[in-house]
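Take a look at the structure below.
The values are calculated or read from the model by the stated rules, or taken from the named source; none is laboratory data. In this text the structure is predicted, and so the values were computed from the model without any measurement. Every residue, glycine among them, receives a Cβ derived from its backbone with ideal geometry; neighbour counts consider all protein chains shown. Only protein heavy atoms, including side chains, enter the accessible area calculation; ligands, DNA and RNA are left aside. Shrake-Rupley method; radii C 1.70, N 1.55, O 1.52, S 1.80 Å.
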Amino acid sequence: MPETINPLRYPGAKRSLVSYINALLEANNLLGCTFYEPYAGSATVGLELLQHDCIRNLVLCEKDILLYAFWHCVFYDTEALCNLIEDTPITIDTWLQQLPYREMTELDQTPLIELAFAGLFFNRTNFSGILNANPIGGINQTSRYGIDCRFNKAKIIAIINQLSAYRNRVDINLGDALQFMRTQNTRFLRENCFAYFDPPYYVKGPKIYRHFYTNRDHIALSQYVRSVRYLDWIISYDDAPFICGLYSNSGARYRPFFVDYTCASRVRTQGQELLISNLPLPPFPLENVAQM
Ligand SMILES: C[S@@+](CC[C@H](N)C(=O)[O-])C[C@H]1O[C@@H](n2cnc3c(N)ncnc32)[C@H](O)[C@@H]1O
């Protein structure tokens, strides 16, 4: 597959699933569908499928206002965002100035463009792209890796400009994934729709996302996918007995399917991720399916 085009380096991004989900769409006559990613994060899967013209439209939803604002400005306020990236020094002083934005979890009068920049800034200057983490190199910048080592302005601006060309095919929404999906039933009826649910990790979620899920939320997702009509879907999860339990007792249809991105084995070992779908899942790694 050609080089990935994504301005974020996001924890839990699922690039390794792009070819797999493309094959799933192809096997089920869903190429050209409206593709939902209701836990957007860096929206790696949807954005790559869009750039390869495998899907017609991409609908994103994200609860974190910093990420929502970022994606909104990538597509609808591109020039202002690129100018801000160009003009802002990538230093510890800027990091400290951005901190008040990190305290915010609800939209207020703060301009979206400021939140958008803060989202990108923390993503690219913090350890592992974690918005709530400390800066690369530490507050005192004593490491040989400085705060700007993952912030290649020219490259980020080029990617944002390239992505912005898709603005007419992308719809960005702020809010809770399940509440949002419940507003989409008419569209599910009218169009070929597919949803990729990548909820916050069960185990590590609280450490890496500003919004994470409780057991009740994970249960609510499992109930939602069982009840939704006119929508095909796949969920990816970290391997946790609680999550397996939520889907194991629903018959062969939604049987958890374990994949190992690293050794590509189908035998269950520790640290694997699991996939659950209402569609029959192809073998992993893909057999007889050309990699994108
Ligand atoms: C596992 S990450 C998704 C990663 C994404 N697939 C990617 O490629 O980057 C889960 C995302 O869900 C978001 N999130 C948490 N609670 C949410 C909620 N109730 N509704 C929508 N998004 C939520 C988190 O902020 C995080 O960005």
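Accessible surface computed residue by residue for the stretch 64-174, with neighbouring protein chains in place and a 1.4 Å probe, gives 48 Å² per residue. Per residue, the convex hull spanned by the Cα atoms of the stretch 64-174 measures out at 97 cubic angstrom. Each peptide among 148-155, 109-116, 60-67 gets the average number of other Cβ atoms lying within 10 Å of its residues, and from highest to lowest they stand as 60-67, 109-116, 148-155.
Enter the angle in degrees (range 0 to 90, nearest 10) between the Cα long axis of helix 92-102 and the first principal axis of the Cα atoms of the chain, meaning the one along which they spread out most. Here the helix axis deviates by roughly 50 degrees.
Over the Cα atoms of the stretch 115-160, the radius of gyration divided by the Kirkwood radius equals 0.99; this is the Rg/Rh ratio.
Nearest 500 deg cm²/dmol is fine: what mean residue ellipticity at 222 nm does the chain get from its DSSP H runs of n ≥ 4 alone, each adding -39,500 (n - 2.57), divided by its residue count?
It comes out at -11000 deg cm²/dmol, rounded to the nearest 500.
Compute the label zone of F127 within the stretch 201-221: residues whose backbone N is under 13 Å from the point 7 Å along Cα-to-Cβ. Residues passing the 13 Å test: 207-208.
Summary of the geometry: the stretch 59-77 and the stretch 131-150, compared by the centres of their Cα atoms, lie 25 Å apart.
Between N28 and N83, the contour length at 0.36 nm per residue exceeds the Cα-Cα span by 15.5 nm.
A cut-off under 14 angstrom between Cβ atoms defines the neighbours of K153, and their net charge, with Lys, Arg +1 and Asp, Glu -1, is 0. Helix 18-27 axis versus longest C-alpha principal axis of the chain: approximately 30°, rounded to the nearest ten. Shown for the stretch 64-174: the carbon plus sulfur share of the solvent-accessible area, taken with all protein chains present and a 1.4 angstrom probe, equals 46%. For the chain, the direction-averaged projected area of the alpha-carbon convex hull comes to 15.6 nm².
Mean separation of Cα pairs under 8 Å and 6 or more residues apart, divided by the residue count, gives the chain a relative contact order of 21 percent.
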